[in-house]
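Let me give you the structure first, and then I'll get to my questions.
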Amino acid sequence: MKFTVAIDGPAASGKGTISRKLSEYFGFSYLDTGLIYRFIGLKVLSGFDPLEAIEKLNYHEIEVDGLRTEAVSKAASQVASDRQVRDALVEYQRNFSRRCGGAVLDGRDIGTVICPNAEVKLYITASEEIRAARRFQELSIKDKDLTIESLISELRARDLADRERKVSPLLKAEDAVLLDTTELSIDASVALAVNTISKAIRLST
């Protein structure tokens with residue numbers, strides 16, 4: 001079965017956690033598209049040509065340590081600015097989305113650019129305050145000087161940059177199902193998403 005679930009949304013909305021749980025529930029392959037650029041950036045820092053790294057890219061390798069460093073972040077930005085690299089990664093993501101057995105992809109332009117014909121599109125969001133609180137819980141253990149206020153400012157700046165960038169801005173696809181997780185637990189959010197996907201699977205068979 002070829003079945004694509006395209007998931008978009010702003011940072012700390014819960015889309016990554018929900019995407020992983022959905023892939024486990026349905027037995028679909030999962031791709032965090034945001035990590036691809038970091039992974040290729042890491043390969044470039046290791047001496048690889050970016051296009052060669054993409055040709056050998058195996059999604060099982062993407063979840064590795066060392067992708068969240070500042071050096072990798074800068075390398076990822078440089079990689080993303082290369083049109084040839086972006087085009088190659090778009091092709092990789094599209095091929096991944098149509099793999100047999102189903103696929104879940106999450107990012108910021110999946111439903112609008114990468115997989116506009118996906119069987120299911122979800123746009124996952126939450127309030128700034130809730131997203132900042134989630135990020136604070138995740139990062140405050142390592143950074144004792146971190147504050148909710150600083151995180152809210154960072155999220156606002158990130159949201160603005162994502163929405164206003166010229167290439168593949170963060171947008172809700174017109175046919176995407178909106179899932180606001182502000183007042184929902186992860187389990188409740190996943191249950192709603194499972195219901196949406198299950199209905200689409202029944203209609204497609």
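How many residues does segment 146-195 hold that are modelled with pLDDT under 90 and in contact with a Ser or Thr (Cβ under 6 Å, 6 or more places away or on another chain)?
Summing the residues that are modelled with pLDDT under 90 and in contact with a Ser or Thr (Cβ under 6 Å, 6 or more places away or on another chain) in segment 146-195 gives 1.
Go through segment 2-21 residue by residue and tally those that are of a type outside the set (S, T, N, Q), part of a helix (DSSP H, G or I) and surrounded by fewer than 23 Cβ atoms within 10 Å (Cβ to Cβ).
Let us first name the residues in segment 2-21 that are of a type outside the set (S, T, N, Q), namely 2-3, 5-12, 14-16, 18, 20-21.
Narrowing the set further to residues that are part of a helix (DSSP H, G or I) leaves 15-16, 18, 20-21.
In the following step, the residues that additionally are surrounded by fewer than 23 Cβ atoms within 10 Å (Cβ to Cβ) were identified as 16, 20-21.
Count: 3.
For a quick check of your reading of the model, give me the residue pairs whose first member lies in segment 78-96 and is closer than 11 Å to residue 53 by Cβ and of a type in the set (Gly, Ala, Ser), whose second is modelled with pLDDT of 90 or more and surrounded by 18 or more Cβ atoms within 10 Å (Cβ to Cβ), with beta-carbon atoms closer than 7 Å and at least 6 apart or on different chains.
Every condition considered, the pairs that remain are 88/54.
Quickly run through segment 144-166 and pick out the residues that are among the acidic types (Asp, Glu) and loosely packed, with under 11 Cβ neighbours inside 10 Å. Step through it out loud before you land on a result.
Narrowing segment 144-166 to residues among the acidic types (Asp, Glu): 145, 149, 154, 159, 162, 164.
145, 149, 164 - these are the residues of segment 144-166 that are among the acidic types (Asp, Glu) and loosely packed, with under 11 Cβ neighbours inside 10 Å.
Sticking with this one: Take residue 88 and decide whether it is surrounded by 12 or more Cβ atoms within 10 Å (Cβ to Cβ), assigned to a loop (DSSP other than H, G, I, E, B), at pLDDT 90 or above and among the aliphatic types (A, V, I, L, M). Steps first, answer last, please.
Working: surrounded by 12 or more Cβ atoms within 10 Å (Cβ to Cβ): yes; assigned to a loop (DSSP other than H, G, I, E, B): no; at pLDDT 90 or above: yes; among the aliphatic types (A, V, I, L, M): yes.
So residue 88 fails the test.
Just one of (1) closer than 18 Å to residue 192 by Cβ; (2) touching a Leu at 6+ places or on another chain (Cβ under 8 Å); (3) among the aliphatic types (A, V, I, L, M) trips up residue 103, so point out which.
Going through the list (1) closer than 18 Å to residue 192 by Cβ; (2) touching a Leu at 6+ places or on another chain (Cβ under 8 Å); (3) among the aliphatic types (A, V, I, L, M), residue 103 breaks only (1).
The rows are residues; the columns are (1) farther than 30 Å from residue 174 by Cα; (2) part of a helix (DSSP H, G or I); (3) of a type in the set (Val, Ile, Thr).
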| residue | (1), (2), (3) |
| --- | --- |
| 112 | no, yes, yes |
| 117 | no, no, no |
| 124 | no, no, yes |
| 129 | no, yes, no |
| 135 | no, yes, no |
| 142 | yes, no, no |
| 145 | yes, no, no |
| 151 | no, yes, no |
| 155 | no, yes, no |
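Could you check how many residues of segment 22-47 are assigned to a loop (DSSP other than H, G, I, E, B), out of contact with any Leu (no Cβ under 9 Å at 6 or more places or on another chain) and hydrophobic (A, V, I, L, M, F, W, C)?
Our first condition is that a residue be assigned to a loop (DSSP other than H, G, I, E, B); within segment 22-47, this holds for 27-28, 46-47.
With out of contact with any Leu (no Cβ under 9 Å at 6 or more places or on another chain) added as a condition, the list becomes 27, 46-47.
Okay, now just the ones that are also hydrophobic (A, V, I, L, M, F, W, C), so none.
The number of residues fulfilling the criteria is 0.
Of the residues that sit in segment 24-40 and are over 13 Å from the mean Cα position of the chain (by Cα) and under 18 Å from residue 94 (Cα atoms), which one is surrounded by the most Cβ atoms within 10 Å (Cβ to Cβ)? Reasoning before the result, please.
As a first pass, look at segment 24-40 and keep what is over 13 Å from the mean Cα position of the chain (by Cα): 24-29, 39-40.
Next, only the ones that are under 18 Å from residue 94 (Cα atoms) stay: 28-29, 39-40.
Numbers: 28: 21, 29: 16, 39: 25, 40: 27.
So, considering only residues that are over 13 Å from the mean Cα position of the chain (by Cα) and under 18 Å from residue 94 (Cα atoms), the one surrounded by the most Cβ atoms within 10 Å (Cβ to Cβ) is 40.
Now a separate question. Taking the condition of being surrounded by 11 or more Cβ atoms within 10 Å (Cβ to Cβ) and in a loop (DSSP other than H, G, I, E, B), how many residues in segment 50-63 meet it?
Result for segment 50-63: 3.
So, one more: I need every pair where a residue in segment 113-136 that is free of Cβ contacts under 8 Å to residues at least 24 places away in the same chain has its Cβ under 8 Å from the Cβ of a residue that is part of a helix (DSSP H, G or I), sequence separation at least 6 or different chains.
Listed by first residue and then by second, the contacts come to 129/148; 129/152; 133/148; 136/148; 136/151.
Among the residues of segment 167-198, how many are part of a helix (DSSP H, G or I), touching a residue at least 40 places away in the same chain (Cβ under 8 Å), farther than 18 Å from residue 3 by Cβ and not aliphatic (A, V, I, L, M)?
Step one: of segment 167-198, the residues part of a helix (DSSP H, G or I) are 186-198.
From the residues that got through so far, the ones that are touching a residue at least 40 places away in the same chain (Cβ under 8 Å) too are 186, 189-190, 193-194, 196-197.
Right, trim to farther than 18 Å from residue 3 by Cβ and you get 186, 189.
Adding the requirement that they be not aliphatic (A, V, I, L, M) leaves 189.
Total satisfying the criteria: 1.
The values are calculated or read from the model by the stated rules, or taken from the named source; none is laboratory data. The structure presented is a predicted model; accordingly, all values stated were derived computationally and were not measured. Note that we place each Cβ from the backbone using ideal geometry, even for glycine, and neighbour counts take in every protein chain shown.
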